[in-house]
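Asker: The following block contains the structure, expressed as structure tokens.
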């Protein structure tokens with residue numbers, strides 16, 4: 001099918017931009033070219049920095065409502081990693097999307113402003129994301145969050161970071177993640193020039209040329225692309241991971257690698273919900289078009305259902321039951 005009619009003028013505007021390599025990095029980082037909708041109201045939004053082994057790490061904490069212990073218990077939490085090819089993006093560029101996720105999924109969201117390449121190459125961003133999840137787990141009570149219901153998620157490069165965080169934490173004793181939400185994730189760097197990387201490599205905003213540029217900025221050496229911490233599709237074992245939601249877009253160069261990762265998760269016995277949005281392009285998630293808003297709602301409702309299923313049942317008051 002053709003590109004969604006509401007997305008077509010956005011695609012044309014985005015395609016008119018010069019190649020990334022021709023624009024100074026400081027200009028590329030001045031704002032996101034991807035349009036977003038109206039920000040949802042939150043009960044509280046807090047900016048803070050957490051202390052890590054690599055320095056202070058900025059995060060933004062979104063509370064969709066004030067949780068009432070005893071009425072509904074503490075809220076689950078999603079730790080979110082923004083997209084931008086490991087080079088662009090920040091907590092401001094993804095503020096609208098994160099607010100929508102928090103509102104519909106009814107969960108706290110901690111958005112992570114991880115270090116960017118090329119100033120900080122692989123695995124700096126990954127280390128920041130791991131530090132953020134561990135911090136959330138350790139400080140869950142102070143956040144009003146349920147330490148047993150922590151999910152990770154992200155889009156594009158952020159989806160890559162979420163997959164690798166889930167893989168690494170699987171092999172540690174804690175924290176045990178409840179879910180992973182992967183929005184058109186990068187799962188294979190230095191991807192072979194075939195399939196959707198060729199079919200969708202030009203004319204749909206994200207290009208194969210742009211992906212090569214992002215990889216060049218992120219990786220210290222091209223050989224790093226063979227490391228499963230950079231290319232999780234190459235991980236030998238995907239078993240015993242938390243339930244996953246994987247979303248891809250029909251006209252995305254990353255379509256095939258996202259689909260392949262979802263297939264491998266299912267084959268490894270991981271509960272995986274996979275959905276491809278026909279007529280969509282990379283970056284459409286959260287755009288002010290019906291298809292972009294629908295995708296956010298679907299992902300959020302999946303997350304809400306998974307996290308609700310992980311909630312421990314209320315314990316009866318023993319004194320009251322005994323009269």
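The values are calculated or read from the model by the stated rules, or taken from the named source; none is laboratory data. Computed from a predicted model, the values in this text were never measured in an experiment. With ideal geometry, Cβ positions are generated from the backbone for all residues, glycine too; neighbour counts draw on all protein chains shown.
Asker: Could you tell me whether the stretch 91-111 includes any residue that is touching a residue at least 40 places away in the same chain (Cβ under 8 Å), closer than 18 Å to residue 206 by Cβ and in contact with a strand residue (DSSP E or B) (Cβ under 8 Å, 6 or more places away or on another chain)?
Answerer: The answer is yes; a qualifying residue exists.
Asker: Does residue 279 fit the bill of being under 16 Å from the mean Cα position of the chain (by Cα), surrounded by 14 or more Cβ atoms within 10 Å (Cβ to Cβ) and modelled with pLDDT of 95 or more?
Answerer: no
Asker: Would you call residue 308 within 17 Å of residue 83 (Cβ to Cβ), surrounded by 13 or more Cβ atoms within 10 Å (Cβ to Cβ) and either at pLDDT below 95 or out of contact with any helix residue (DSSP H, G or I) (no Cβ under 9 Å at 6 or more places or on another chain) (or both)?
Answerer: Working: within 17 Å of residue 83 (Cβ to Cβ): no; surrounded by 13 or more Cβ atoms within 10 Å (Cβ to Cβ): yes; either at pLDDT below 95 or out of contact with any helix residue (DSSP H, G or I) (no Cβ under 9 Å at 6 or more places or on another chain) (or both): yes.
When the stated conditions are applied, residue 308 does not pass them.
Asker: I'd like to know if the stretch 13-27 contains one or more residues that are in a loop (DSSP other than H, G, I, E, B), touching a residue at least 60 places away in the same chain (Cβ under 8 Å) and surrounded by 18 or more Cβ atoms within 10 Å (Cβ to Cβ). Can you show your working first?
Answerer: Let us first name the residues in the stretch 13-27 that are in a loop (DSSP other than H, G, I, E, B), namely 16-19, 23-24.
Filter again for touching a residue at least 60 places away in the same chain (Cβ under 8 Å), leaving 19.
Subsequent filtering for residues that are surrounded by 18 or more Cβ atoms within 10 Å (Cβ to Cβ) retains none.
The answer is no; no qualifying residue exists.
For every residue, the table says whether it meets (1) farther than 25 Å from residue 212 by Cα; (2) touching a strand residue (DSSP E or B) at 6+ places or on another chain (Cβ under 6 Å).
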{"residue": "142", "(1), (2)": "yes, no"}
{"residue": "145", "(1), (2)": "yes, yes"}
{"residue": "150", "(1), (2)": "yes, yes"}
{"residue": "153", "(1), (2)": "no, yes"}
{"residue": "156", "(1), (2)": "no, no"}
{"residue": "160", "(1), (2)": "no, no"}
{"residue": "167", "(1), (2)": "no, no"}
{"residue": "170", "(1), (2)": "yes, no"}
{"residue": "174", "(1), (2)": "yes, no"}
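Asker: Which of the residues that make up the stretch 69-79 are modelled with pLDDT under 95, surrounded by 11 or more Cβ atoms within 10 Å (Cβ to Cβ) and either at negative phi or part of a strand (DSSP E or B) (or both)?
Answerer: Step one: of the stretch 69-79, the residues modelled with pLDDT under 95 are 69-74.
Of the ones still in play, those that are also surrounded by 11 or more Cβ atoms within 10 Å (Cβ to Cβ) are 72-74.
If the condition is that a residue be modelled with pLDDT under 95, surrounded by 11 or more Cβ atoms within 10 Å (Cβ to Cβ) and either at negative phi or part of a strand (DSSP E or B) (or both), then 72, 74 are the ones that fit.
Asker: Name the single residue, out of those in the stretch 117-144 being assigned to a loop (DSSP other than H, G, I, E, B) and free of Cβ contacts under 8 Å to residues at least 40 places away in the same chain, that is nearest to residue 307 (Cα to Cα).
Answerer: Filtering the stretch 117-144 for residues that are assigned to a loop (DSSP other than H, G, I, E, B) and free of Cβ contacts under 8 Å to residues at least 40 places away in the same chain, the one nearest to residue 307 (Cα to Cα) comes out as 139.
Asker: Now, a different point. Filter the stretch 92-115 down to residues that are surrounded by fewer than 24 Cβ atoms within 10 Å (Cβ to Cβ) and assigned to a loop (DSSP other than H, G, I, E, B) and give me whichever is farthest from the chain's Cα centre (by Cα).
Answerer: 106
Asker: Name the one entry in 229, 237, 256 that is part of a loop (DSSP other than H, G, I, E, B) and under 20 Å from the mean Cα position of the chain (by Cα).
Answerer: Details: 237 fails: under 20 Å from the mean Cα position of the chain (by Cα); 256 fails: part of a loop (DSSP other than H, G, I, E, B).
Going through 229, 237, 256 in turn, just one is part of a loop (DSSP other than H, G, I, E, B) and under 20 Å from the mean Cα position of the chain (by Cα): 229.
Asker: I need the full set of residues from the stretch 202-226 which are free of Cβ contacts under 8 Å to residues at least 40 places away in the same chain, assigned to a loop (DSSP other than H, G, I, E, B) and over 21 Å from residue 251 (Cα atoms), in order please.
Answerer: 221
Asker: Shifting gears a bit: Only one of 246, 296, 270 is part of a loop (DSSP other than H, G, I, E, B) and either modelled with pLDDT of 95 or more or touching a strand residue (DSSP E or B) at 6+ places or on another chain (Cβ under 9 Å) (or both); which?
Answerer: On the way: 246 fails: part of a loop (DSSP other than H, G, I, E, B); 296 fails: part of a loop (DSSP other than H, G, I, E, B).
Just one listed residue meets the conditions, 270.
Asker: Also: Mind telling me which of the residues 175, 185 ends up being modelled with pLDDT under 95 and outside any helix (DSSP H, G or I)?
Answerer: 175
Asker: Now for a different question. Looking at 46, 38, which one is more than 28 Å from residue 214 (Cα to Cα), within 22 Å of the chain's Cα centre (by Cα) and not in a loop (DSSP other than H, G, I, E, B)?
Answerer: Details: 38 fails: not in a loop (DSSP other than H, G, I, E, B).
Just a single option satisfies the conditions, and that option is 46.
Asker: Take the stretch 279-292 and flag every residue that is assigned to a helix (DSSP H, G or I) and farther than 15 Å from residue 184 by Cα.
Answerer: Residues of the stretch 279-292 that are assigned to a helix (DSSP H, G or I), as a first pass: 290-292.
290, the sole residue that qualifies.
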